[in-house]
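The block underneath contains the structure these notes are about, expressed in structure tokens.
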Amino acid sequence: MHAFELGFAPIDTIPANAVVFAFHHNQIVLTASLPLTGEQWLASQLTHLPGSLHCIGMADSGMPCFTLRVEVETLPAPLETISLRAALLNWSPAMIEAVSRAFQLLEWDRTHRFCGQCGTTTQPKAHEHAKQCPSCGYVVYPRLSPAIMVLVKKGRQLLLARSPGFTPGAYSALAGFVEPGESLEAAVHREVMEEVGITVTNLRYFGSQSWPFPHSLMIAFVADYAGGELSPDGVEIEDAGFYEPDALPGLPYKLSIARHLIESVVAECSTQ
Ligand SMILES: [Zn+2]
């Protein structure tokens with residue numbers, strides 16, 4: 001797959017040339033290290049959980065992509081599985097975009113089977129990825145949770161921190177979820193103050209990344225140190241420090257926006 005274009009189509013049959021992101025216990029089903037084609041899915045004689053089949057877009061301008069949850073306890077050979085995290089590490093950008101969308105839509109599906117307002121079983125809407133309650137009319141859309149990330153610069157130094165849950169030795173930029181009613185900018189200022197007790201200024205947008213664990217959208221910034229003493233909160237952040245670009249600690253894994261953000265700012269520093 002070289003390109004993926006997200007979309008919606010109210011199709012419930014899978015054509016032979018389709019790409020099928022089939023999930024089994026949150027693992028992606030593969031054959032010969034690739035997602036199944038429509039033909040392979042049909043030949044497998046597996047079935048999908050009722051209501052879990054969605055068309056998620058188009059690959060390479062002609063192959064419709066589907067997501068579904070496999071309804072079987074044990075997969076028959078020669079089918080194998082890979083974790084979503086492993087797929088993100090090893091697959092092409094187009095495949096990553098498609099599988100991230102596939103997983104998030106299935107998770108939304110699984111967790112919105114009933115109306116949050118009256119408890120009635122929801123039904124899919126006809127023309128978009130949405131569910132509607134047939135009793136009270138309440139509509140729910142796939143859930144996204146925006147989170148900011150910020151790499152703070154102090155001269156040439158970068159502020160990197162680690163949470164207790166990180167892999168040993170790994171440090172990253174600061175990050176946190178955006179609160180209801182809050183702008184992205186306000187979230188940056190709040191998170192930096194809460195986590196390490198400093199103020200920042202001169203925010204620059206860097207980029208964003210879908211992060212399907214389970215439905216985050218990371219929005220990354222660079223900012224300049226403004227004032228205050230570094231004081232990790234001891235809960236979300238166990239250690240933080242300003243690091244020279246040529247003496248960095250362990251970094252997040254290579255496909256994360258955190259890694260792109262850090263490497264981009266380091267490259268910028270080396271040309272200054
Ligand atoms: Zn309802």
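The values are calculated or read from the model by the stated rules, or taken from the named source; none is laboratory data. Note that the structure is a prediction, hence the values are computed from the model and not measured. In this analysis, Cβ positions are derived from the backbone assuming ideal geometry, glycine residues included, and neighbour counts consider all displayed protein chains.
Points to keep in mind about this one:
- Contact map, region 132-148: first residue touching a residue at least 24 places away in the same chain (Cβ under 8 Å) and of a type in the set (A, V, I, L, M, F, W, C), second residue part of a strand (DSSP E or B) and within 15 Å of the ligand (Cβ to nearest atom), Cβ cut-off under 9 Å, separation 6 or more or different chains; pairs are Val140/Lys131; Val140/Gln132.
- Of all residues in region 172-205, those satisfying the criterion of being within 19 Å of Phe242 (Cβ to Cβ) and not aliphatic (A, V, I, L, M) are Ser172, His189, Glu191, Glu194, Glu195, Gly197, Thr199, Thr201, Asn202, Arg204.
- Qualifying positions in region 9-23 - at pLDDT below 95 and out of contact with any Gly (no Cβ under 8 Å at 6 or more places or on another chain): Ala9, Pro10, Ile11, Asp12, Thr13
- Matching option when the condition is more than 24 Å from Arg110 (Cα to Cα) and either outside any loop (DSSP other than H, G, I, E, B) or among the charged types (D, E, K, R) (or both), among Ala43, Ala16, Ala22: Ala43
- Taken over region 201-238, the criterion of being farther than 30 Å from Ala87 by Cβ and buried (at least 16 other Cβ atoms within 10 Å of the Cβ) is satisfied by Leu203, Ala223, Tyr225, Leu230, Pro232.
- The combined condition, being out of contact with any strand residue (DSSP E or B) (no Cβ under 9 Å at 6 or more places or on another chain) and touching a residue at least 40 places away in the same chain (Cβ under 8 Å), is fulfilled by Phe213.
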